[in-house]
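Participant: Structure below; questions to follow.
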Amino acid sequence: MSEAVAIAHPNVALSKYWGKRAVGRFPAVPSLSVTLSGLTTRTRVRFDRALSEDRVVLNGAPGDDGARARAVDLLDRVRRAAGEKRRAAVDSSNDFPTASGLASSASGFAALALAAVRAAGLDWDIPRVSDLARRSSASAARSLFGGYVELDAAHPVPREDDILAARSIAPADQLPLLVLVCVTTEGPKAVGSTAGMATTMAKSPYATAWLEEAPRLHARLREALFAKDFEAVGELAESSALAMHASAIAAGVIYWTGATLDVLAAVRRLRDARVPVFASIDAGPHVKVLVRPQDASGVHAVMRATAGVRRVIESWPGQGARLEAAIGPVS
Ligand code: PMV
């Protein structure tokens, strides 16, 4: 028996990726994220001769067919690389809502990739593990790293075996900020991000506009981050999220609810009152509010009092994925 336990955190993309190349999980646009402490996924992988098939447990219950198939796919890649024949038991839990646009796939596949690689005794460096995680969920490639992280767009016509990993571009203290995750529902989302982006690319009259605009926003956001300009980073992050959702909404892919709009309105009112605060939204109804540390407690109170907000999770730039424990042939 050999096993490893890894911890990873979700990340929020300040400049979003939305849209894949025709082959594999290769992003069509670059993205820049910040890895979030305050939300955690913990995943144990055990390769065990006694198992006749892979077992996948998510938050204490057997994973559904889709989740299981994606985990088995990652395990198969690791088994092929390591010459490992044994089946695995995977046990993963989140301390935040799963599959509802809170980036559980990012932290989930980052932790699974690291735990599986180490349990199989592979000595892959973190960029190699990031590439593996990307094959399950492109945003997961970024959660291997802490602080501010970039994932390039892929070559327009990638080959399945091309390596594309994320990389760290600035430490967690590059730009002091807090992310207030305004949770608007605890249930799973209706449309997964892979299906949502495929529909956007196939049907949205604004898909091309998004694919052209995203790299420009990304380049400006990168510069603002290096200039440590919180307001410019926040404005560009909000623009990226709104442009992404505008392209999706035009294809009928609507992740927002009334609560999402109420939080956006509260953010705007705060800005009118000269509090620099900005919003980001992923493939779900929750809003991630970007705020300076000195404004966090006041903004937190406003968000908590906003209709439809069930709770507010405070998070801040944090560490990348790491191993918590290992037994057996870990390199
Ligand atoms: O990692 P995926 O393929 O599930 O896509 C995530 C897409 C967004 O979260 C909406 C944006 C991003 O860059 O993380």
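Participant: Local charge sum around Ser297 (other residues, Cβ-Cβ under 14 Å, Lys/Arg +1, Asp/Glu -1)?
Facilitator: Taking every other residue near Ser297 into account, the sum is 0.
Participant: Could you work out how far apart the two model spin labels at Leu51 and Asp123 are, taking each label as a point 7 Å from the Cα in the direction of the beta carbon, and quote it in nm?
Facilitator: Distance between the two pseudo-spin positions: 2.6 nm.
Participant: If the viscosity is 1.567 mPa s and the temperature 4 °C, what translational diffusion coefficient in µm²/s does Stokes-Einstein give for the chain when Rh comes from Kirkwood over Cα pairs?
Facilitator: Here the translational diffusion coefficient equals 65 µm²/s.
Participant: Related question: Just to check, using Stokes-Einstein with a Kirkwood Rh over alpha carbon pairs, what's the diffusion coefficient of region 103-203 at 10 °C and 1.306 mPa s in µm²/s?
Facilitator: 103
Participant: Specify the residue with the greatest mean-square fluctuation among Ala259, Ala140, Ala273, computed from a Gaussian network of the chain linking alpha-carbon atoms under 10 Å apart.
Facilitator: Looking only at Ala259, Ala140, Ala273, the largest GNM fluctuation is found for Ala273.
Participant: Also, I was wondering about something else. Counting only heavy atoms of protein chains, what accessible area per residue, in Å², does the chain have with a probe of 1.4 Å?
Facilitator: 40
Participant: Moving on. Could you work out which residue, out of Gly147, Gly63, Gly19, moves most in a Gaussian network model of the chain, that is, has the largest mean-square fluctuation with Cα springs under 10 Å?
Facilitator: Checking each option, the largest mean-square fluctuation is seen for Gly63.
Participant: State the answer as a single residue: which of His286, Ala305, Met197 lies farthest towards the positive end of the charge dipole of the chain, with beta carbon charges of +1 for Lys and Arg and -1 for Asp and Glu, about the Cα centre.
Facilitator: Met197
Participant: Separate question: Given a Förster distance of 30 angstrom, what is the FRET efficiency for Ala301 paired with Ala246, based on the Cβ-Cβ distance and rounded to 0.05?
Facilitator: Result of the calculation: an efficiency of 0.50.
Participant: Taking K and R as +1 and D and E as -1, what net charge do the other residues with C-beta under 15 Å from the C-beta of Ala8 add up to?
Facilitator: With Lys, Arg at +1 and Asp, Glu at -1, the net is +3.
Participant: Turning to a different aspect of this structure: How would Trp18, Trp124 rank on accessible area, largest to smallest, probe 1.4 Å?
Facilitator: So, going from the largest accessible area down, we get Trp124, Trp18.
Participant: I'd like the carbon and sulfur percentage of the solvent accessible area for region 113-243, probe radius 1.4 Å, heavy atoms only, ligands and nucleic acids excluded.
Facilitator: Carbon plus sulfur share of accessible area: 55 percent.
Participant: Could you count how many Lys pairs in the chain have their Cα atoms under 22 Å apart, skipping same-chain pairs fewer than 8 positions apart?
Facilitator: Within the chain, the lysine pair count is 9.
Participant: Here's another thing I want to ask about it. Just to confirm a number: summing +1 for Lys and Arg and -1 for Asp and Glu over residues other than Leu177 whose beta-carbon lies under 14 angstrom from that of Leu177, what do you get?
Facilitator: -4
Participant: For Asp73 and Arg216, FRET efficiency with R0 = 41 Å and r from the beta-carbon atoms, rounded to 0.05?
Facilitator: That pair, Arg216 with Asp73, gives E of 0.75.
The values are calculated or read from the model by the stated rules, or taken from the named source; none is laboratory data. Just so you know, these numbers come straight off a predicted model, no measurement behind them. Positions of Cβ are generated from backbone atoms using ideal geometry, with glycine treated the same way; all protein chains shown enter the neighbour counts. Note: areas computed on protein heavy atoms with side chains; ligands, DNA, RNA excluded. Shrake-Rupley method; radii C 1.70, N 1.55, O 1.52, S 1.80 Å.
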